[in-house]
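Chemist: I have a structure here, written as structure tokens, and I will follow up with some questions on it.
The values are calculated or read from the model by the stated rules, or taken from the named source; none is laboratory data. No experiment lies behind these values; they were computed from the predicted model shown. Virtual Cβ from ideal backbone geometry, glycine too; neighbours counted across all protein chains shown. Side chains are part of the model used for accessible areas, which takes the heavy atoms of the whole protein and leaves out ligands, DNA and RNA. Shrake-Rupley method; radii C 1.70, N 1.55, O 1.52, S 1.80 Å.
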Amino acid sequence: MTELDLKIKDEFPVLKNRNIVYLDNAATSQKPKSVIDAVKRYYEYDNANPMRGLYELSIDATKDYEKARQTVADFIHAKKKEEIVFTRNATESLNLIAYSYGMHFLRNGDEIIISIMEHHSNLLPWQIVAKNTGAVVKYLECNEEGEIFPEQLEKMMTKRTRMVCLTQISNLFGRENDIKAFAEVAHRHGAVFVCDGAQSVPHIPVDVQDLDVDFLAFSGHKMYGPMGIGALYGKEELLEQMPPFLYGGEMIEYVTRCGATYAQVPHKFEAGTVNAGGAVGLAEAISFINSYGFDIITQREDELTKLAFTEMQSIPHVEIIGSKDYKEHHGIITFVVEGVHPHDVATIFDAHHVAVRAGHHCVQPLHTHLHKMSTTRMSLGFYNNEEDVTAFLEVLKGLRKEMGYGE
Amino acid sequence: MANNTFYNEILTEHNIHPTHKHEIEGANFTLEGVNPSCGDDIILSLKVEDDVITDGAYVGDGCAVSQASADMMLDLVIGRTKEEALRLSDIFLRMIKGEITEEEHEELEEAGILQDVSHMPARVKCAVLGWHTMEEMLREGKTGITGTEGF
Ligand SMILES: Cc1ncc(COP(=O)(O)O)c(C=O)c1O
């Protein structure tokens, strides 16, 4: 274990308080003490209803909240903080686009292109938009390695294609899609491009201006932040055209007996009392990431992925899903063990205090596409270390034996 | 590595070398049970003559818990009356909720090894799939393939 490992791990209270090797970071990450403290500090010193009160405490709460918005904007290189809408999570962000943009601007016969590897959160909202507007959802199919290509998208684009919605990093393959190239194809054909950044924003630098995506959705809880806070980035001109998604307090200018005019973006999308404590926590999580920097983060995650991956390749009866190159996995290794159901796999890992996830990981159409009922996934964070990987590998090696296979 | 999980020899044997995983002739009840969230799927068949379960079998896919549980259930109920089978099923389902006596536990014979599932909420559905399917058959006379979902 390097000194760096010791230092990082020590910042996560759960990892000290519980005897666990935590390898389910793609589901949610653990939270460093600095984030927990920042949320606590907000509630102990600054809490009031932001944007509403005309007194000092509420003004401070508002400042905290808007400062957090700026931090998020800077982190993903948005032009200005008004392009950041706070939501509960990536799922809500994607639904916001679907309900506000999709439902209002799509027409019968329009097309939405998504990939077969999309998380249900970037799939069901589009199915619902299609059902309600008469639009159709078309699927970009991936190969066994988990690849999709811009040329494929190029061939699928028609005059009726209005939206293209893709994940940047797949939560099953761990593979990164070339979002910049896909967005370029979409734009050239006049479509809007939606990027699901739930798995990418925590692990790689994301620059919305360089990628030129129209929307980016992500969750705070997968990037060391609290649960219940997430964000939607949208280009200002698009957000301005879009009608509100939820109606109520805080999102209006004037309300009369027969109608209302709505507040400016982003407030028109943030109806009701906001999650200021969560936003402060998310901003602190970003500071935490920045204090190490993505160079260290990606280097650590790659090293650990390589260690796990190369060993796993030599374990009999273990099949890794997706690319044969560890570099394409970004800390996510999904696998099956021949003869052992993924739920049994996860239960055995649990008995050895190793947390991995089993099931369809909210990508059921992708499992069908790959002819698998379900799989097991281990997913690393940069606070994991070699010992964690070794513990994981030990259990994996003995797993078939524990299930009664004689070898 | 010591085998300190609840996957003991009895469970793994019933999973890898099941006694009753095959088709049978002359079944008068056949019902499919499915856990859609995890993909456990069994088709249970029973031959009931004069209220006595004279034969039974299952086919299907799923985790070791769901498959072994169905196999152990059939070991227990073949040769018993419908009423007896339902009584044992009731004991089994209560065991999974952690509500049985020592004597009742013994009546379940090998199926009693699944007692630990009462501490594993994620695995309850797997353990009860076969039993639940049998109950629906015997109690409500349900029969058919595709339709029934485990709870
Ligand atoms: C690729 C991807 N998109 C979207 C989501 C949804 O995230 P959340 O549940 O935080 O809304 C997840 C995580 O589960 C994900 O992995």
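Chemist: Simple spin-label model, 7 Å along Cα-to-Cβ: A:T390 to A:K16 in nm?
Modeler: With each label placed 7 Å out from Cα toward Cβ, I get 2.3 nm.
Chemist: Same structure again: Among B:125-138, B:10-23, B:51-64, B:90-103, how do they line up from the highest to the lowest mean number of other beta-carbon atoms within 10 Å?
Modeler: Working: B:125-138: 25.1, B:10-23: 17.4, B:51-64: 19.9, B:90-103: 15.3.
Top to bottom by mean Cβ count within 10 Å: B:125-138, B:51-64, B:10-23, B:90-103.
Chemist: Moving on to the next point. To the nearest 500 deg cm²/dmol, what mean residue ellipticity at 222 nm is calculated for chain B from DSSP H runs of n ≥ 4 alone, each contributing -39,500 (n - 2.57), summed and divided by the residues?
Modeler: Result for chain B, helices only: -12500 deg cm²/dmol.
Chemist: Can you give the mean number of other chain Cβ atoms that lie within 10 Å of the Cβ atoms in peptide A:395-406?
Modeler: Per residue, the average neighbour count from other chains is 4.
Chemist: Determine the share of the protein assembly as shown's accessible area contributed by carbon and sulfur atoms, expressed in whole percent, with a 1.4 angstrom probe.
Modeler: 50 percent
Chemist: So what's the Cα pair-distance distribution over the range A:120-242, bin width 5 Å, in %?
Modeler: Reading the bins upward from 0: 2, 10, 19, 23, 23, 14, 6, 2, 0.
Chemist: For the range B:4-147, with only Lys/Arg (+1) and Asp/Glu (-1) charged at the beta-carbon, what is the dipole magnitude about the Cα centre, in debye rounded to 20?
Modeler: 520 debye
Chemist: I need the calculated FRET efficiency for the pair A:K327 and A:Q70, taking r as the beta carbon distance and R₀ as 45 Å, to the nearest 0.05. Could you put the intermediate results ahead of the total?
Modeler: On the way: r = 34 Å, r/R0 = 0.75.
Rounded to the nearest 0.05, the efficiency is 0.85.
Chemist: While we're looking at this one, here's another question. With a length cut of 18 Å (Cα positions projected on each helix's long axis) and a Kyte-Doolittle mean of at least 1.6, go through chain B and give me the DSSP H helices that pass.
Modeler: For chain B, where a helix must reach 18 Å along its axis and average at least 1.6, there are no hits.
Chemist: Multiply the residue gap between A:E237 and A:H317 by 0.36 nm, knock off their C-alpha separation, and tell me the result in nm, one decimal place.
Modeler: Here the segment from A:E237 to A:H317 would lengthen by 23.5 nm.
Chemist: Follow-up question, since we're still on this one. Provide, in order from the shortest bin, the percent of all Cα-Cα pairs of chain A in each 20 Å bin, continuing until the bin that contains the maximum pair distance.
Modeler: Whole-percent P(r) values from 0 Å outward: 27, 55, 18, 1.
Chemist: Another question, if that's okay. Any idea of the accessible area per residue across the range A:35-289, 1.4 Å probe, to the nearest Å²?
Modeler: On the way: 10270 Å² over 255 residues.
Dividing the accessible area of the range A:35-289 by its residue count gives 40 Å².
Chemist: Enumerate the calculated ³J(HN,Hα) couplings along the range A:157-167 in order (Karplus 6.51 cos²θ - 1.76 cosθ + 1.60, θ = phi - 60°), each rounded to whole Hz, writing x wherever the residue is Gly or Pro.
Modeler: Couplings: 5, 10, 4, 8, 6, 9, 9, 10, 10, 9, 7 Hz.
Chemist: Highest first, please rank the peptides A:42-48, B:71-77 by the mean number of other Cβ atoms sitting within 10 Å of their residues.
Modeler: B:71-77, A:42-48
Chemist: Estimate the FRET efficiency between A:K63 and B:I16 by the formula 1/(1 + (r/R0)^6), using the beta-carbon distance for r and 41 Å for R0, to the nearest 0.05.
Modeler: Details: r = 63 Å, r/R0 = 1.54.
Efficiency for this residue pair is about 0.05.
Chemist: Given the DSSP H assignment, sum -39500 (n - 2.57) over each helix run of at least 4 residues in chain A and divide by its residue total; what's the result at 222 nm in deg cm²/dmol, nearest 500?
Modeler: The helix-only estimate for chain A comes to -11500 deg cm²/dmol at 222 nm.
Chemist: Still on this structure, I have one more. Report the calculated FRET efficiency for A:K159 and A:I204 (r = Cβ-Cβ distance, R0 = 35 Å), to the nearest 0.05.
Modeler: Working from the Cβ atoms, E equals 0.55.
Chemist: Right, here's the next one. Once you average over the residues of B:36-42, how many Cβ atoms of partner chains fall within 10 Å of each Cβ?
Modeler: Taking all residues of B:36-42 together, the mean is 4.
Chemist: Ok, one more. For the range A:211-310, just list the percent of Cα-Cα distances falling in each 5 Å bin from zero outward, please.
Modeler: Per 5 Å bin, starting at 0, the Cα pair percentages come out as 3, 10, 14, 16, 17, 14, 9, 7, 5, 3, 2, 1, 0, 0.
Chemist: Can you tell me the order of A:356-367, A:275-286 when each peptide is scored by its average per-residue count of other Cβ atoms within 10 angstrom, highest first?
Modeler: Ranked by mean Cβ neighbours within 10 Å, highest first: A:275-286, A:356-367.
Chemist: What size of dipole, in debye to the nearest 20, comes out for the protein assembly as shown about its Cα centre when the only charges are +1 on Lys and Arg C-beta atoms and -1 on Asp and Glu C-beta atoms?
Modeler: Computed about the Cα centre, the dipole is about 2260 debye.
Chemist: Return the value, in Å² to the nearest 100, of accessible area buried between chains B and A (probe 1.4 Å, both sides summed).
Modeler: Using a 1.4 Å probe on protein heavy atoms, the buried area is about 1400 Å².
Chemist: May I ask for the angle, rounded to the nearest 10°, between helix A:179-188 and the longest principal axis of chain A, with both axes built from Cα atoms and the value confined to 0 to 90°?
Modeler: Helix A:179-188 sits roughly 40 degrees off the main axis of chain A.
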